[in-house]
Amino acid sequence: MSEEWLIAGASILGGTPTDIHLKDGVISEIGDNLAAPGATVLDARGLIALPGLVDLHTHLREPGREDAETVETGTRAAALGGFTAVHAMANTEPVADTAGVVEQVWRLGEQAGYVDVRPVGAVTVGLNGRQLAELGAMADSAARVRVFSDDGFCVADPLLMRRALEYVKAFDGVIAQHAQEPRLTEGAQLNEGEVASRLGLAGWPAAAEEAIIARDCLLAAHVDAALHVCHVSTAGSVEIIRWAKGRGVQVTAEVTPHHLLLTDDLAGDYNPVFKVNPPLRTKADVDALREALADGTIDCVATDHAPHPVEAKETEWAAAANGMTGLETALRVVHKAMVETGLLDWAGVADRMSARPAAIGRVPGHGLPVAPGSPANITLYDARAAATPVDPTAHASKSRNSPFAGMALPGGVAATFLRGTATVLDGKVTR
C-alpha cells in the first residue's frame, strides 16, 4: 500500500530546490511551498532527486545458492543502493530456463517488496549453449520476461545466436550476450598484459570479447533484432559498438561500476576480490569506457552484482570464483568516476542508470522523469556527503566480496521510494 509524502526542498537532477508530493503511488504535484495536509514531510534540502535506478544485471542467486544471496537480501541491497528495479540473471540452480523458474523468482521479488524484480531468462537449456530454452513460454509467463542471457557463459554457436535473436523479435525481446570467445579464454585468469605476465597468470585477451561483439553486431544487423552487450570492458569493444551503432544496428551496451574505476594493477598481490569476468583491464580501457558512457556509445551502467560466500573468494587466485558485489556502491562509484570528473551531470546519471536501462529491459513504470503523473519511483541522493570508506560488513547483501572495501567513495543514498512507499529512509531499509 502506497504512502503519502511531501518531499521538501529536493533538487531534481541537481536543479533548483522544489517540493515533490507523492500520493497514491504517483508524483501528484511538484512546486514551491506545496501544502499536503496529512502527508509525511521529509526534509530533503541538499538532496538530489533522481528517478529510481534500474539495474540490468543482478545475480540474486535464488533458487539454489542461498548461501551467497537470496532475493530478499539482494533486493534489500538494491534498495539501499537507490534501485527500484533489478533484472535477476538466469544462472541459478536450477537455471531460469523455464516459465516455472522465472515465475518463482518474480514471485519472490513481489513478496520481498523492496524493488521490482524482472527475471532474465536463459537463452539455452541449462546454459549449455546447445538448445534454445523456452523463450516464448517465459515471455508469456506471469514474469513477462523480455531479456534473455546465458550470462556467465557466451552463446558461442553463431547459428544458435542467430536463431535466438530471430525468435525474440516476436515479443520485442532482447538477447544480452556475455561476450567471451571460449577457446581464446581457456584457463584465463587476468587481463592479458604486463600484470598477468609478471604474476604468472594466464592472460585473458581483449580480442576474446571483441570478436564475439563484432560477430553478434553483424548477426543482429542481418536479422534486424535487438542485441545487448553485457559488461563491456575494453577500448576495442567500444570502437566496435560505436561502428555498429553508426550503421544503425540495434545494439545497446552496459559497463559495470568496477570497470569504470578499477584496473588490473590491483591484482598485483593476488587478492581474489579483484577476480572478475570479464577481468579488470588497463587504465587506457577505463578511460575509453568512461568516455563511451559519457558520449552514449555505452548506454548504461549495470552492476553485475555477483555475491559469493567467503570460502569461494578467500582462497588461492586460480580456485577463486569470479565476481564482485556492487548494488550498494554503484551510484557512489559513478559519482566518483563520472560526476566528479565532469563527464556526466546528474541528468546524465539519471539517463544512464534509470531511463536507458529501463528502456532496454522493457520495464514499465520505471526510468520516467521525476514529473507529475509519473510513478513515484524516486531516489534521494546526498552528493554533499563526505567520502567515507566502504565497509562490506555493513551491507545488506549476504556476501562481502566488494572490491571497494576500504576505498573512500563520495555521497550516499538517503531514501528510495517504490511507487510512493519508502523502502529506504536515512540510508536504512524501512523494515
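The values are calculated or read from the model by the stated rules, or taken from the named source; none is laboratory data. Computed from a predicted model, the values in this text were never measured in an experiment. Glycine also receives a Cβ, built like all others from the backbone with ideal geometry; neighbour counts cover every protein chain displayed. Side chains included, ligands, DNA and RNA excluded: accessible areas come from the protein's heavy atoms. Shrake-Rupley method; radii C 1.70, N 1.55, O 1.52, S 1.80 Å.
Values for this structure:
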| read-out | value |
| --- | --- |
| Cross-link partners of LYS245 among aspartates and glutamates (Cα-Cα below 12 Å; sequence separation of 8 or more within a chain) | ASP299 |
| Max mean-square fluctuation residue, GNM over the chain, Cα-Cα springs under 10 Å, options GLY203, GLY268, GLY296 | GLY268 |
| Sulfur and carbon atoms: percent of accessible area, the chain [1.4 Å] | 51 percent |
| Extension gain from ARG183 to ALA202, taking 0.36 nm per residue of separation minus the Cα-Cα distance | 5.5 nm |
| Calculated FRET efficiency for the pair ASN271/ALA319, C-beta based, R₀ 22 Å, to 0.05 | 0.95 |
| Hits among lysines - C-alpha to C-alpha of LYS313 under 17 Å, sequence gap 8 or more where chains match | LYS275, LYS398 |
| Accessible area in square angstrom per residue, region 12-167, 1.4 angstrom probe | 37 Å² |
| Label point distance in nm, ASP345-VAL223, each placed 7 Å from Cα along Cα→Cβ | 4.1 nm |
| Rounded to the nearest 20 debye, dipole of the chain from Cβ charges on Lys, Arg, Asp, Glu | 320 debye |
| Cα gyration tensor shape for the chain, rounded if a/c is under 1.5, else prolate or oblate | prolate |
| Distance from region 224-248 to region 271-327 (C-alpha centre basis), Å | 19 Å |
| Net charge of neighbours whose Cβ lies under 10 Å from the Cβ of THR297, counting Lys and Arg as +1 and Asp and Glu as -1 | -2 |
| Euclidean distance between Cα centres, region 118-175 to region 1-78, Å | 32 Å |
| Mean separation of Cα contacts under 8 Å, 6 or more apart, over the residue count of the chain: relative contact order % | 20 percent |
| Straight-distance crosslink candidates among aspartates and glutamates, where the alpha carbon sits under 16 Å from LYS283 and sequence neighbours closer than 8 are dropped | GLU192, GLU194, ASP264, ASP265, GLU291 |
| Full-extension gain in nm, ARG242 to LYS169, via 0.36 nm per residue minus C-alpha separation | 24.0 nm |
